[in-house]
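S.K.: Before we start, here is the structure in question, set down as structure tokens.
The values are calculated or read from the model by the stated rules, or taken from the named source; none is laboratory data. None of the values given here were measured: they were computed from a predicted structure. Every residue, glycine among them, receives a Cβ derived from its backbone with ideal geometry; neighbour counts consider all protein chains shown.
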Amino acid sequence: MKNVYIKPENCIGCKHCEVACAVEHSETKNLYTAISEEPLPASKIHVMPTFGVMTYPGKCMHCDPTPCINVCPSGAITKDPSMGTILINEEKCIECGMCAIACPFNAVSFNPSWRISIEREIANKCDNCHERITKDLIPACVEACKTGALSYGDINELIKKERRAVGRTAAQFAAAVPIEEKIPALLKVWRDMALSMSQVGEKI
Amino acid sequence: MIKKELLERTIDQSAHPILEKAAEEHIETAWDRLEAQEPQCGYGLLGICCRNCAMGPCRIDPFGDSPTRGVCGADSDIIVARNLSRMIAAGAAAHSDHGRDIVEVLHLTAEGKTLGYKITDEEKLKRLAQEYNILTDTRPKEEIAKELAEKAMEEFGMVKNTIQFAERVPDKRKDLWKNVGIWPRSIDREIVEIMHRTHIGVGADYANILLHGLRASLSDGWGGSMLATEFSDILFGTPEPKETSVNLAVLKEDMVNIIVHGHNPVLSEMVVDASRDQEMIDLAKQKGANGINIGGICCTSNELLMRRGIPVAGNFLVQELALITGAIEAMVVDYQCLMPSLPSIASCYHTKLITTSPKAKMRGAMHMEFEPERAYEIGKNIVREAIENYENRNSNKVNIPKNPVKLIAGFSTEAIIKALGGTAQPLIDAITAGKIRGIAALVGCNNPKIKHDYNHVTLAKKLIENDILVVETGCSAIACGKAGLLVPEAADQAGEGLKEIAKALGIPPVLHMGSCVDISRIMNVAAAIANALNVDISDLPVAGAAPEWMSEKAVSIGSYVVASGIFTVLGAIPPVLGSKNVTTLLTQGLNDVVGATFAVEPDPEKEAELIINHIEKKRKALGLTTPPIAAPM
């Protein structure tokens, strides 16, 4: 199963993924024209602050079983059998909000969409860039992410890679050699400094 | 982005084999790095991120969700205006600091403290001295030069409070600048004031911030850049037409190849002198070379081309490729537009990368600091380093492209007037009669987002076909040189009217007027024509274009050209579209303020149409009729 894999320790909160997502799902698919569209396109990925300076790019995880499909009364949510992607039929959505309530990741927002003729706010969530995938492209948010916080591929393969990294760290520890940093050194320095700054703020 | 085919990156034929060589040798160039950067940050592209204080960094959501203001309360209009103004400040600072260096060398030379420099154009020295009300009769030239240089130094300070060369514009323009409040007071002051006005908690009116940006740009165009041009002419001579050749094929298999790259001619002039020193030529022969070959890149190249006829290896995007030929003994750089990637690429070959300015040192390069007091000696030391490196050249790693292209450059304002027979009247008559419909200035950089040289060349061809005389500087001029447009025979590609005039005068239809500070020459031509016709510059059938721009200097240039009343089209999109108000001001509103606007058009064919339509509109307003265009066969 292919999906977007999130590595929160690499997220620096730049929101580059949000812009790329909104442009990709706009009518014109061009940054300079998308910002003038009516309605304005909305991102389907949301970078949120968490603890201290840690941020997390939250999105639909395309889970299975899929609570939103189970609760949707109008049959607007379906699963693409080939990719395992959970898709919303915008014409069928009745703005009831059940999917948002059922979603364990709170990944569903309600926004206007250029795809529907009637002006209303309908369920909006990640479609794993379904259109791009059929053209052999990776999702727009992954392409935009320059820090490695988002990657796309077979989830088992991606996890295996991460597992190896953890294994290497553990083995190095056992062999009493310096522990390899899991995140880039510069990012660690920045994060440590920013964290201590935020802690100063909390004390006050 | 879809991966561009390697050879689709440029229309410079001499670059093609070297791009292939780079790929074979796994050497990364600007095009590869652009691919790695894409997609680029949307906030940056739209100009809506602000890093001016530590409450931030802040950005505005371009899709209307929160946040709509930075922590201080600045909205997208203010953030875009502040960022754009700071780009102008950086650009004006770069040009003007270059100007300052030239003024200092003239001052030291007048005091007899330099080695290798002299006052070459005495006539220009006196003409400028008169402009500054300096007594010229019965005084030795050194004394005049010293006083002139000191007067020029005052242009940077705050005692005088006015820029001398701004007086060259028509009275209408002077009044306009004063009424709008953008008359430039001093070079450094206006730049510093941009930094002040864009500091947290100062300017919060986007239009007011941008108007001052225009004022600072004028202190560049009619101040720093113009001083750089005029004072370089005094020191090294006012350019006259010279024939030479261009593209990477100017490198020589059997000679010591030295590339001079950057913008300031003060040291590279000495390198050229030293390369002609018999002692150096003998040393080169002793080391097995047939002589010393100097080639230029970017505007150092244009400066030497204009005055010395030194061959041109290429423009901005060619700098890395020049190293990858493996045939360069030394690349000598001064400042501006030097890619920080140069040391690592040079290290793949025997090439010595030599930095010379304390302002532009590079890790991994050899530093031989320029001092005007012993410039010639330093020039010789640099040439010696190159010669002694000749034996280290690895012929297995060398690929020198073939087929250099001929070009003629050196069209200073003075040279153009001379070609016209001593007065601008024949040009004005040709414009009035419609044989030449107008003049377009093509300037600016290369940008890997745009197919290298394609926009410059396509636009220039389209304009001359339509009887518009093209004047060029900088990387634009080098692009058209490589495309064969800077020779008199290129007049055959022009419309009937322009062809007739160019053939009669024996000049190319596209005139190379120099380096990027030499856009001041173009401003002088525009002001002279407007004065002769007793109209404002904004009334003239002229336009500007920066088809492949990328640098902050280009932002300052575009701003002073527009503020001087000349419609200007940009080929790359500036980071302003995140503010609708700023975009509207720049593309429409400025017309009511300074009589000219910017336009953005990445397609050179459409860019040409915008310029042609603008020129026709201006002709009509002046009551000039245009004969129908007979396009060349």
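S.K.: Collect the residues in the range B:11-50 that are of a type in the set (D, E, K, R) and crowded, with 20+ Cβ neighbours inside 10 Å, keeping them in residue-number order.
M.R.: B:D12, the sole residue that qualifies.
S.K.: Collect the residues in the range B:394-414 that are out of contact with any strand residue (DSSP E or B) (no Cβ under 9 Å at 6 or more places or on another chain) and under 28 Å from B:F231 (Cβ atoms), keeping them in residue-number order.
M.R.: Residues satisfying the conditions are B:S412, B:T413, B:E414.
S.K.: Among the residues of the range B:46-78, count how many are under 13 Å from B:T198 (Cα atoms), β-branched (V, I, T) and free of Cβ contacts under 8 Å to residues at least 60 places away in the same chain.
M.R.: Qualifying residue count for the region: 0.
S.K.: Also, quick follow-up: Cβ contacts < 8 Å: first residue farther than 22 Å from B:G410 by Cβ and buried (at least 24 other Cβ atoms within 10 Å of the Cβ), restricted to the range B:450-477; second residue basic (K, R) and modelled with pLDDT of 95 or more, any location; separation 6+ or different chain. Result?
M.R.: Note: pairs meeting the criteria are B:H452/B:R9; B:D467/B:K435; B:D467/B:R437.
S.K.: Any idea which of B:G589, B:G565, B:G558 is assigned to a helix (DSSP H, G or I), out of contact with any Phe, Trp or Tyr (no Cβ under 9 Å at 6 or more places or on another chain) and small (G, A, S)?
M.R.: B:G589
S.K.: Next question. Give the range B:472-492 a look and list any residue that's within 24 Å of B:I428 (Cβ to Cβ) and over 20 Å from the mean Cα position of the chain (by Cα), or say none.
M.R.: Once the filter is applied, which keeps residues that are within 24 Å of B:I428 (Cβ to Cβ) and over 20 Å from the mean Cα position of the chain (by Cα), the range B:472-492 yields B:P488, B:A490, B:A491.
S.K.: So for the range B:151-161 (the condition being under 23 Å from the mean Cα position of the chain (by Cα) and among the acidic types (D, E)), does at least one residue qualify?
M.R.: Yes, the conditions are met somewhere in the range B:151-161.
S.K.: For the range A:122-144, how many residues meet the condition of being within 10 Å of chain B (Cβ to nearest Cβ) and crowded, with 20+ Cβ neighbours inside 10 Å?
M.R.: Of the residues in that region, 3 qualify.
S.K.: Quick check on the range A:1-17: of everything there that is in contact (Cβ under 8 Å) with a residue 40 or more places away in the chain and within 14 Å of chain B (Cβ to nearest Cβ), which residue is surrounded by the most Cβ atoms within 10 Å (Cβ to Cβ)?
M.R.: Looking at the filtered set, the residue picked out is A:C17.
S.K.: Just to be sure I understand the filter: pairs with C-beta atoms under 7 Å, separated by 6 or more residues or on different chains, first member in the range B:15-28 and under 19 Å from B:N446 (Cβ atoms), second member among the hydroxyl-bearing types (S, T, Y). Which pairs pass?
M.R.: B:I18/B:T325; B:A22/B:T29
S.K.: Could you please let me know if B:D233 is under 25 Å from B:L317 (Cβ atoms), in contact (Cβ under 8 Å) with a residue 60 or more places away in the chain and surrounded by 21 or more Cβ atoms within 10 Å (Cβ to Cβ)?
M.R.: It is false that B:D233 is under 25 Å from B:L317 (Cβ atoms), in contact (Cβ under 8 Å) with a residue 60 or more places away in the chain and surrounded by 21 or more Cβ atoms within 10 Å (Cβ to Cβ).
S.K.: Name every residue in the range B:86-112 that is in contact with a Lys or Arg (Cβ under 7 Å, 6 or more places away or on another chain) and more than 16 Å from B:E142 (Cα to Cα), in order of residue number.
M.R.: If the condition is that a residue be in contact with a Lys or Arg (Cβ under 7 Å, 6 or more places away or on another chain) and more than 16 Å from B:E142 (Cα to Cα), then B:G91, B:A94, B:H95 are the ones that fit.
S.K.: Right, here's the next one. Only one of B:P39, B:P67, B:P62 is part of a loop (DSSP other than H, G, I, E, B), within 14 Å of chain A (Cβ to nearest Cβ), touching a Phe, Trp or Tyr at 6+ places or on another chain (Cβ under 9 Å) and at pLDDT below 95; which?
M.R.: Matching residue, one of B:P39, B:P67, B:P62: B:P62.
S.K.: Let me ask another. Please specify each residue of the range B:249-268 satisfying the condition of being within 23 Å of B:K482 (Cα to Cα) and assigned to a helix (DSSP H, G or I).
M.R.: Scanning the range B:249-268 gives B:A249, B:V250, B:P265, B:S268.
S.K.: Name the residues in the range B:318-362 that are charged (D, E, K, R) and either closer than 28 Å to B:Q13 by Cβ or touching a residue at least 24 places away in the same chain (Cβ under 8 Å) (or both), would you?
M.R.: Across the range B:318-362, the qualifying residues are B:E320, B:E329, B:D334, B:K352, B:K359.
S.K.: Something else now. For B:G288, only one of the following conditions fails: (1) at positive phi; (2) more than 18 Å from the chain's Cα centre (by Cα); (3) crowded, with 24+ Cβ neighbours inside 10 Å. What is its number?
M.R.: (3)
S.K.: Select from the range B:422-442 the residues that are under 18 Å from B:M513 (Cα atoms) and surrounded by fewer than 21 Cβ atoms within 10 Å (Cβ to Cβ) and list them in ascending order.
M.R.: Once the filter is applied, which keeps residues that are under 18 Å from B:M513 (Cα atoms) and surrounded by fewer than 21 Cβ atoms within 10 Å (Cβ to Cβ), the range B:422-442 yields B:G422, B:T423, B:A424.
S.K.: OK, next. Given the criteria within 14 Å of chain A (Cβ to nearest Cβ) and within 29 Å of B:D453 (Cβ to Cβ), does B:G47 qualify?
M.R.: Judged against the criteria, B:G47 is a match.
S.K.: Just for strands (runs of 3 or more DSSP E) wholly inside the range B:287-341: which have at least 1 residues that are farther than 18 Å from B:H452 by Cα?
M.R.: B:292-297, B:330-333
S.K.: Just need a number here: residues in the range A:22-74 that are more than 10 Å from chain B (Cβ to nearest Cβ) and assigned to a helix (DSSP H, G or I).
M.R.: 5
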